[in-house]
Structure formats: structure tokens, C-alpha cells
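Novice: The structure is given below, and queries will be raised subsequently.
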Amino acid sequence: MPDQGEAQLVHVGSLDDLAAQGRRLVKVGRKQIALFHGEKGVFACNNRCPHEGFPLMEGSLAEGCVLTCNWHNWKFDLESGETLVGGDALRRYPVRLRGDEIWLDVADPPPAARAAKALEGLRASFRRHEYDQMAREISRLQRSGADPLDALRRAIDWTHDHLEFGTTHAHAAAPDWLALRENLAPEDPAALVPLVEVVGNLAWDTLREPAYPYAEGPCAEGQAGYSPEVLVAAIEGEDEAAAVALLRGALAEGLGFPDLERPLATAALAHYQDFGHSVIYVYKTGQLIRHLGPSAAEPLLLALLRSLVYARREDLIPEFRAYGGALAAWDGTGRRPVEACDLTGLGVPQALARTLESSADPQALFGALLGAAAWQQLHFDLERQGRHDQPISQNVGWLDFTHGITFGNAVRVLCGRYPELWPRGLLQMACFLGRNARFVDPEQDVEAWAVPDRDAFFKAAFARLLDHGAPEYIVSCHLVKVLTAVREEVEAAPDAAWVPTLLAATRRFLESPLKRKHSLRTAYQAAAFTAIED
Ligand code: FES
């Protein structure tokens with residue numbers, strides 16, 4: 001309903017005729033308007049049900065003003081405008097009676113009001129994760145003339161304090177989805193997909209989650225003010241309140257993500273942690289802020305801080321404990337030439353030791369480590385992801401390998417910017433290799449996965465993302481993240497020896513089954529564990 005601007009009155013017939021017919025369809029330009037004569041008066045609304053567009057003229061009118069669309073039983077109060085059952089709001093038209101004549105005000109609401117209505121509907125769609133409604137509301141937002149990225153900005157704002165552990169894959173995949181969107185014409189319906197994927201993922205990650213508020217205000221009296229070192233120390237101390245206060249202080253000083261990226265990357269690489277997520281999240285948060293602008297910085301950074309504070313530090317468990325010693329031993333003098341094949345079959349301590357032997361040239365070492373990760377992914381023994389009768393430490397799946405690649409991608413970018421972080425990034429890549437070496441089958445035939453035309457491969461693979469068919473966001477997130485990371489790495493080193501392996505490994509991942517639920521394995525492991533816990 002217009003809340004400002006000129007009325008645009010259209011005569012649509014007489015009250016007597018409408019009363020005799022009960023309802024009537026009128027057309028005004030492109031608009032189809034359903035006109036009802038109910039016990040409570042005359043009402044006009046869009047004939048297209050806001051759910052799936054079926055004609056409301058065929059609906060049932062009860063209680064004088066409650067219209068039911070019989071396709072899916074949505075109910076609308078034509079008097080108040082409320083959607084009583086269902087989701088989207090129904091467009092109504094103000095009715096004016098002049099004697100026996102019916103006039104409608106068909107003026108469209110001003111763009112700002114339309115945009116606000118669409119965002120209101122989008123927010124409401126989060127309650128039950130109504131994916132289809134999200135697509136419609138974002139489309140309505142775009143049609144209002146507003147920036148459709150506002151849907152994402154608002155979704156980030158609505159959800160950031162409902163994330164118990166901060167940043168999720170939804171944020172990490174968001175810049176990759178947005179990059180994909182930039183290759184599509186805005187009016188192409190396919191351009192909605194990336195936005196709905198990210199907004200839907202945020203809605204899913206916070207579905208029925210309570211608020212987990214962040215501490216308010218800048219540093220308390222007696223607390224040190226912001227400095228990069230103090231921020232890193234607060235994260236290391238797992239002190240969310242202090243880290244948040246420092247962040248707020250930094251933002252109040254006018255600092256932005258470019259100023260904060262170095263300490264955040266430092267904190268993320270302070271440990272071999274969270275299976276690489278921390279570094280990936282720092283990299284992707286920066287990209288996302290660049291896409292969305294500074295207004296998105298605070299909620300994104302708060303979530304990122306929380307995820308860094310809560311990250312699990314795997315270098316403290318026995319399997320990766322050699323990492324600390326290797327980092328201490330790094331002196332950047334190791335000059336032994338290294339190739340990917342030198343690193344693929346080593347356990348964690350051996351992979352770390354071999355990495356140290358080539359520490360003098362971080363770029364060459366990075367290429368060898370990434371090539372080794374690609375080789376391992378190409379040779380992942382798929383039978384291992386299907387097993388059920390094994391200890392938890394043997395659980396493995398595709399994502400254990402793809403994380404080696406996406407982690408490497410973030411390491412190259414962030415350590416390239418902050419070279420003092422190379423030792424950590426490279427040794428942590430070696431941890432991935434050492435962990436995954438147990439789960440590959442070097443003898444398998446991988447010829448079939450070769451990618452003869454890399455441009456055609458990327459084009460087809462990115463196009464498939466727009467209709468990926470995976471119901472779980474965690475799957476579509478990894479598809480877009482892996483593909484984007486691989487393309488970035490190939491573009492950064494198009495002639496590197498490991499490029500064909502990385503492409504083949506990516507093709508194999510995209511075209512192979514991804515087992516997401518392990519009912520039998522869970523049951524076996526639960527029974528085995530509980531049998532010895534008493
Ligand atoms: S189309 Fe009207 S309720 Fe579904």
C-alpha cells in the first residue's frame with residue numbers, strides 16, 4: 001500500500017454489480033487485480049498469490065475478509081493485510097467508494113517502501129528457513145531498485161550474534177558465490193542463486209538459535225587499548241570479551257579490515273588449528289568486507305573473532321605435536337630442492353622435517369606442498385570414507401583433502417602479504433599432508449580424471465554450481481570454495497608442474513560420491529567407546 005506519493009485512482013465498476021457477482025477480476029495495465037465483495041466490505045488485492053502465483057480469484061472467502069488460496073491453503077486477512085497462514089505478504093490496493101462507484105488506488109509504493117517490505121519478508125522467512133520465499137523476497141528487493149546485496153548485508157547483521165562459535169562456512173563461501181554472481185547479468189534469474197545460497201545458509205546456521213551477544217563497549221578501565229599484539233594475545237588467551245572490546249576500540253579509532261588483517265592472520269596461524277578453517281575465514285572475511293563495504297565490517301569481524309577464540313588447536317594433540325618443535329627449528333636456511341613427490345607419503349613428523357629441509361625458498365616450498373596436497377586428493381582411497389568398523393581417528397572424507405587445498409590457497413595469499421607468517425603456513429600445510437598420507441592409494445589408476453582443457457573445465461564446473469542439487473549448504477559451500485581456490489591457484493601459477501594434478505584432483509572430487517552421513521560408523525564407534533568408558 002502506498003505510504004506516500006500520488007494516488008493513482010482507477011474506476012473499476014459499480015458496487016451493485018460487484019455485490020451481485022461477489023468477486024471480479026480487473027486488469028489495469030499489467031496488473032491483475034482480484035476484487036471481492038465480502039461481509040466486511042470491498043477488498044482488492046493482487047490476483048497472483050504471493051506464494052506461487054496461482055489466481056486468488058479462485059480462492060475461498062470466509063469470515064467476511066479471510067481469503068484462502070486453495071492451492072496450498074495460505075490465508076490472508078484482506079482487511080488487515082496480514083498473512084494468517086503462509087509466508088509472503090499479499091499486495092492489496094486501497095479501495096475508495098464514491099456513491100455506487102468503486103475506485104482503486106493502483107499507485108505502486110515508493111521504491112524505499114517496497115525494499116523495506118521485501119527485507120521484512122526476508123527476515124520473516126528465516127523463522128522456518130523458507131528457501132523459496134528468500135528467493136522471492138530478494139527478487140522483490142532487486143525489482144524495487146535497491147541493491148540486492150542489501151539482502152546479504154542485512155542477513156549478516158541479523159545472524160551474527162546468533163552464531164555460538166562465530167564465522168561459518170556461509171561467510172567463507174560468500175565471496176566466492178558473489179564472485180560467481182559478478183559474471184552474470186543482474187537481470188538473469190540465475191544471478192539470484194548466489195545470493196539465496198548465502199542468505200539461506202546464514203538462515204540455516206542460525207535456525208532456532210538463541211542470541212549469543214557479544215560484549216558491549218570498548219576496553220574497560222584498566223584494560224590495554226587496541227594494539228595488534230594485544231589483540232593477538234586476547235585471542236590466544238581465549239578471552240572473547242577482551243578481544244571484542246579491542247576490536248570495538250580499533251573500529252572506533254577508524255581502523256578497518258586492512259589494518260586488522262595482519263593480527264587476525266597471525267592469530268589464525270598461531271596454531272595448527274580448526275583444520276585450517278581459521279586462516280580460510282580470515283582470508284574470506286576480508287574478501288567479503290571488500291564486496292559488501294565497511295557497513296558489514298563490524299558484524300563480520302565480531303563473528304570472526306569469536307571463531308578464532310573458540311578454534312580447536314590441533315597442534316596440542318599428540319598427532320600434531322611435532323609442529324611446535326618444527327616451528328621453533330625453522331631458520332629459513334634449508335636449501336634442499338623439493339617437489340610434490342617428496343612430500344606425499346610422509347607421516348606428520350617426517351613431513352615437517354622434510355619441509356624444514358627446504359625452508360629457504362617459501363614460494364618453491366609452497367608449490368611442492370600444494371602439489372602434494374593435490375596428489376593426495378587425486379589418490380584418496382575412496383573406500384576409506386565408506387568404512388564403519390574403525391576407530392574415530394581413522395575417520396576421513398573428501399573434505400579432509402579439499403581443506404588441504406583451500407587452506408593452502410589462504411596461506412599463499414596471507415603469507416604473501418605478511419611474509420613472517422610463511423613458516424607457520426608452510427609447516428601447517430605439512431601437517432595436512434602428514435595426516436592425510438594414511439588415506440591414499442598410490443596404485444590406483446587416475447588417468448581418467450585428467451583435465452584436457454582447463455578453461456572449459458572451469459566454465460562447466462562453475463556453471464554447474466548454479467544448479468548444484470545438493471540440499472546441504474555444507475556441500476555447496478565446499479563446491480564453490482574448492483573450485484574458487486583451485487582457479488585462484490591455477491591463475492597464480494599457470495605453468496606450475498602441479499597444475500594438471502590439481503585440476504584432475506578437483507575433477508575427481510566434483511564427480512565422486514560425497515558420503516555425508518555415517519549411521520553405521522557412528523553406531524559402531526559409539527558402542528566401542530562406551531564399552532570402555534566405565
Ligand atoms: S499458490 Fe497460493 S497458497 Fe500456494
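The values are calculated or read from the model by the stated rules, or taken from the named source; none is laboratory data. Note that the structure is predicted; figures quoted are calculated from it, not measured. Neighbour counts run over all protein chains shown; Cβ positions are idealised from the backbone, glycine included. The area values use the complete protein model at the heavy-atom level, side chains included, leaving out ligands, DNA and RNA. Shrake-Rupley method; radii C 1.70, N 1.55, O 1.52, S 1.80 Å.
Novice: If a residue has to be acidic (Asp, Glu) and at positive phi to count, how many in segment 224-258 make the cut?
Specialist: Kept after step one, since they are acidic (Asp, Glu), are these residues of segment 224-258: 229, 236, 238-240, 253.
With the extra rule that they be at positive phi, the set shrinks to 238.
Residues flagged as acidic (Asp, Glu) and at positive phi within segment 224-258 amount to 1.
Novice: So, of the residues in segment 310-328 that are open to solvent by less than 20 Å² (accessible area, probe 1.4 Å) and aromatic (Phe, Trp, Tyr), which turns out to be nearest to Leu163 (Cα to Cα)?
Specialist: This residue is Phe320.
Novice: What are the pairs with Cβ atoms under 7 angstrom where one residue, in segment 50-68, is under 20 Å from Ser125 (Cβ atoms) and the other, located anywhere, is open to solvent by 20 Å² or more (accessible area, probe 1.4 Å) and within 8 Å of the ligand (Cβ to nearest atom)? Sequence gap at least six, or different chains.
Specialist: What qualifies is His51/His72; His51/Trp74; His51/Gly86; Glu52/Trp71; Phe54/Trp71.
Novice: Name the residue that is nearest to the ligand (Cβ to nearest atom), counting only residues in segment 36-46 that are open to solvent by less than 30 Å² (accessible area, probe 1.4 Å) and closer than 18 Å to Leu9 by Cα.
Specialist: Cys45
Novice: So, in segment 127-157, exactly how many residues are under 15 Å from Glu298 (Cα atoms) and touching a residue at least 40 places away in the same chain (Cβ under 8 Å)?
Specialist: Total meeting the criteria: 5.
Novice: How many residues does segment 414-436 contain that are open to solvent by 20 Å² or more (accessible area, probe 1.4 Å) and under 18 Å from Ala374 (Cβ atoms)?
Specialist: The total comes to 1.
Novice: Is it the case that segment 384-402 has a residue that's open to solvent by 30 Å² or more (accessible area, probe 1.4 Å), within 21 Å of His171 (Cα to Cα), in contact (Cβ under 8 Å) with a residue 12 or more places away in the chain and of a type in the set (A, V, I, L, M)?
Specialist: Yes.
Novice: If Gln363 satisfies every condition in (1) in contact (Cβ under 8 Å) with a residue 12 or more places away in the chain; (2) open to solvent by 50 Å² or more (accessible area, probe 1.4 Å); (3) within 32 Å of the chain's Cα centre (by Cα) but one, which is the exception?
Specialist: It fails just one condition, (1).
Novice: Scan segment 507-534 for residues that are closer than 30 Å to Val490 by Cα, charged (D, E, K, R) and open to solvent by 50 Å² or more (accessible area, probe 1.4 Å) and jot them down.
Specialist: Residues satisfying the conditions are Arg507, Glu511, Lys515, Arg516.
Novice: A further question on this structure: Just a yes or no: is a residue in segment 265-276 touching a residue at least 40 places away in the same chain (Cβ under 8 Å), in a helix (DSSP H, G or I) and of a type in the set (Phe, Trp, Tyr)?
Specialist: For segment 265-276, residues touching a residue at least 40 places away in the same chain (Cβ under 8 Å), in a helix (DSSP H, G or I) and of a type in the set (Phe, Trp, Tyr): present.
Novice: For segment 331-338, state whether one or more residues are in the same structural domain as Phe432 (by TED's automatic domain parsing) and either hydrophobic (A, V, I, L, M, F, W, C) or touching a Leu at 6+ places or on another chain (Cβ under 6 Å) (or both).
Specialist: yes
Novice: Which of the residues belonging to segment 54-71 are more than 12 Å from the ligand (Cβ to nearest atom) and either open to solvent by less than 20 Å² (accessible area, probe 1.4 Å) or not in a strand (DSSP E or B) (or both)? Can you show your working first?
Specialist: Initially, segment 54-71 is screened for residues more than 12 Å from the ligand (Cβ to nearest atom), giving 61-66.
Result: Glu63, Gly64, Cys65, Val66.
Rundown of residues vs (1) at positive phi; (2) modelled with pLDDT under 95; (3) in the same structural domain as Ser476 (by TED's automatic domain parsing); (4) part of a helix (DSSP H, G or I), yes/no style:
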| position | (1), (2), (3), (4) |
| --- | --- |
| Asp389 | no, yes, yes, no |
| His403 | no, no, yes, yes |
| Thr406 | no, no, yes, yes |
| Met429 | no, no, yes, yes |
| Leu433 | no, no, yes, yes |
| Ala437 | no, no, yes, yes |
| Asp445 | no, no, yes, no |
| Lys459 | no, no, yes, yes |
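Novice: Does any residue in segment 232-250 that is surrounded by fewer than 17 Cβ atoms within 10 Å (Cβ to Cβ) come within less than 7 Å, Cβ to Cβ, of a residue that is at pLDDT 95 or above six or more places away or on a different chain, and which pairs are these?
Specialist: Taking only residues 6 or more apart or on different chains, the pairs are Glu236/Ala267; Glu236/Ala270; Glu238/Val309.
Novice: Within segment 13-35, identify whether any single residue is within 16 Å of the ligand (Cβ to nearest atom), under 39 Å from the mean Cα position of the chain (by Cα), surrounded by fewer than 17 Cβ atoms within 10 Å (Cβ to Cβ) and farther than 15 Å from Arg91 by Cα, and answer yes or no.
Specialist: Checked segment 13-35: no residue is within 16 Å of the ligand (Cβ to nearest atom), under 39 Å from the mean Cα position of the chain (by Cα), surrounded by fewer than 17 Cβ atoms within 10 Å (Cβ to Cβ) and farther than 15 Å from Arg91 by Cα.
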